[in-house]
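A short write-up of the structure that comes next.
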Amino acid sequence: MRHYLGNYLNTPIAWQDKINSNSLNSFDLYNIKNAININNFEIKTNKEQDYNVFFKFDESNIGVKLSENNINRLKEFFDEDNFIFNSKGTILDKDAASFVAGWFSDIAYKRKFLEADVDGNGELSNKEGKKTLNFIHERLEYRRDNKGEYIITNYVKGYEESKFLADNDEYYTDISYTLNASLNNDKNLDGIITFGEFLNVGEKGYFEDNIEVSNNKNNNDFISLYKIANTDKLKEKELEELKKLAALAKLKNQGLKSLTNDEKKLLKDFNINLKISEDKLEELITNDKLSDFIDFTKEFKKDLSDTKLIDIKV
């Protein structure tokens, strides 16, 4: 189904911090080259400490791993004297350094990656990633008119908490990966990622979405969440959990008849007993006792309570 971004095509969902442009002096250059030679940086931006791009940020020297494509884009966009070549990579100077440092600052501090990296190993597990502000929250509306059936964005906001991540120690992301993805998404390198850039829709303002809306045709809002880090929706496991939450919220707001067979199966797999009369279901919902017949795990109860998705129309 066609997914229009509507008035939210150019809405910013992430933006870099403002970092003043400065030239490296001889002392700065000596320090950063020394850090490169011994691979000693105060902040780990990936677990392997495998870096190919270097710059100064405040009083720290920073190393990150960028793709060759993004390095070449930076070289095409900024003047030649913004780059100092080294046997182990590229040292950024002047405007190129402040630009990349601006996105680094956004990810490390505004999105709370450094704060979330509790063990300081340079990467975030899913459990640590839950503390970051690295998701985009989108509300969608189903429409049917002379253009046919389609969905359209009616709300979008970046820097949302990443509470939908699984509560485990599996790898989620790291600063280098997310910085690389943010540069990819900043199509015109203006320091802002719009929703249209993020979804790579161009000027046409829409894309073909495989989202299921067969029982959402009463113009109630429903929810979509994305990682700011890349254009993929949630990882398969995370998306499965989100679908369960969405189906549960739909059950509460619209009743049993609104659920598709797939949604009923999701909830049955999730140990929710749907063998209950419509009257009893309505009574439980009316009295806000839906939890009486929901057998959550303790951890998922906590996640659900934190996200308050139950109160959002689906």
*List every residue pair whose Cβ atoms lie under 7 Å apart, where the two residues are 6 or more positions apart in sequence or sit on different chains, the first residue falls within the stretch 13-41 and is farther than 20 Å from LEU189 by Cα and open to solvent by less than 80 Å² (accessible area, probe 1.4 Å), and the second residue, located anywhere, is part of a strand (DSSP E or B) and small (Gly, Ala, Ser).*
PHE41/GLY63
*Filter pass, ASP28 being in contact with a Ser or Thr (Cβ under 9 Å, 6 or more places away or on another chain) and of a type in the set (Asp, Glu)*: no
*Being assigned to a loop (DSSP other than H, G, I, E, B) and at pLDDT 95 or above, is that true of even one residue in the stretch 208-215?*
no
*asked:* Is it the case, given these coordinates, that ASP174 is open to solvent by 50 Å² or more (accessible area, probe 1.4 Å), under 30 Å from ILE62 (Cβ atoms) and among the acidic types (Asp, Glu)?
replied: no
_Residues that are within 24 Å of LEU199 (Cβ to Cβ), in a loop (DSSP other than H, G, I, E, B) and open to solvent by less than 10 Å² (accessible area, probe 1.4 Å), drawn from the stretch 99-143_ = ARG111, THR132, ASN134
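The rows are residues; the columns are (1) modelled with pLDDT of 90 or more; (2) among the small types (Gly, Ala, Ser); (3) more than 17 Å from SER182 (Cβ to Cβ).
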{"position": "ALA116", "(1), (2), (3)": "yes, yes, no"}
{"position": "ASN121", "(1), (2), (3)": "yes, no, yes"}
{"position": "THR132", "(1), (2), (3)": "yes, no, no"}
{"position": "GLY148", "(1), (2), (3)": "no, yes, yes"}
{"position": "ASN154", "(1), (2), (3)": "yes, no, yes"}
{"position": "TYR159", "(1), (2), (3)": "yes, no, no"}
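The values are calculated or read from the model by the stated rules, or taken from the named source; none is laboratory data. All values reported here derive from a predicted model rather than from experimental measurement. Ideal geometry is used to build each Cβ from the backbone, glycine not excepted, and the neighbour counts take in all protein chains shown. The protein model used for the area step is the full one, side chains on, heavy atoms only, and it has no ligands, DNA or RNA in it. Shrake-Rupley method; radii C 1.70, N 1.55, O 1.52, S 1.80 Å.
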